[in-house]
Amino acid sequence: MKRARIIYNPTSGREAFKKHLPEVLVKLERAGYEASCHATTSEGDATKAARIAIERQYDVVIAAGGDGTINEVINGLADAPVRPKVGIIPVGTTNDFARALRIPRNVEAAADIIAEGQTIPIDIGKMNDRYFINIAGGGRLTELTYEVPSKLKTMLGQLAYYLKGMEMLPSIKATEVSIEYDGKLFEGEIMLFLAANTNSVGGFERLAPDASLNDGMFTLLILKKTNLADFIRIATLAIRGEHLTDPNIIYVKANRIKVQAKERMHLNLDGEYGGDAPAEFVNLYRHFDFFVPKVMLPAQDLLK
Ligand SMILES: Nc1ncnc2c1ncn2[C@@H]1O[C@H](COP(=O)(O)OP(=O)(O)OP(=O)(O)O)[C@@H](O)[C@H]1O
């Protein structure tokens, strides 16, 4: 019998998951799984629970929570030579990764997708020795994501980022960096760089519009140093996805990116502080099989 392990964050979002747990277990049983669960107790616990799931050779691991929980679960699974299939039940405040996979925010509908059993292979990113699912980046502006208090995010959603961004704007400084990407080199001052694995970046779905989930490539976006007026103009264009051809922007695909900074540069992994530069980013081609809804399947699979 196949075995599934649910790792859920009981504090995620509005603590919505627990009351749906019995129905999720029933759906998994009906789909032929022997299912069990682990409620995370603190930061880092989902990673430990995922490592244990590897030791115990579960066929499927389900992360129920927000992007933070999925990131932790992936960090516990990614080193293993044989990895379980991964399911997602998005119940967090931010669910960018689930949005990229078109997994609905309804617990039962998300569980149905796992029960239906279709998966697709998906790339993940590795920065030094840590893994990320959505995006990594650096530059003063990317610190926005962890400077916005999570209560404010719950209340205001994307608006919270705009407000914090406006507050930070006058103090945003450029950083002098050298960025090597697939053998090419950029040297100079930048406002930020992003290595995106999906197109779902903090609700800005047009920031890296053609990011593919499984081509083995990051979408690398570098915004060079600009003055405030240009910055505001480009940010406004970015909301509509019209920033890609701006001369202040480098927008390319890359599998391997090396970043060095002349001064301290914080790095951001999936919206959390993830250490300082220097760093090397590697895209791990089709590292996991994720359960996805039928709309995500390639056309030839739909015809079978
Ligand atoms: N029992 C727990 N108590 C407090 N924090 C926990 C617990 N279990 C996990 N966490 C932490 O909560 C973090 C955020 O979780 P997650 O992303 O799933 O939810 P979220 O609702 O999107 O987050 P938030 O509202 O905090 O932005 C996780 O990265 C994890 O470190």
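Read-outs throughout are calculated quantities, based only on the coordinates presented, and are distinct from any laboratory measurement. Everything numeric here is computed off the predicted structure, so don't read it as measured data. Here the Cβ positions follow ideal geometry from the backbone for every residue, glycine too, while neighbour counts run over all protein chains shown.
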Cleavage-rule hits (trypsin sites (Lys or Arg not before Pro)) in the range 22-100: DSSP loop, at most 11 neighbouring Cβ within 10 angstrom: Arg56
The range 174-271 - charge dipole about Cα centre, Lys and Arg +1 at Cβ, Asp and Glu -1, debye rounded to 20: 80 debye
For the chain, size of Cβ-based charge dipole, Lys and Arg +1, Asp and Glu -1, in debye: 440 debye
Residues Glu29 and Arg206, FRET efficiency given R0 of 45 Å [Cβ-Cβ distance, rounded to 0.05]: 0.65
Isotropically averaged projected area of the range 2-117, using the convex hull of Cα atoms (one quarter of hull area), nm²: 6.2 nm²
DSSP bridge orientation in the chain - percent antiparallel, rounded to nearest 5: 70 percent
As computed over the chain, the Cα convex hull volume per residue (Å³): 131 Å³
Linear extension gain, Arg256 paired with Val82, 0.36 nm per residue minus alpha-carbon span: 60.3 nm
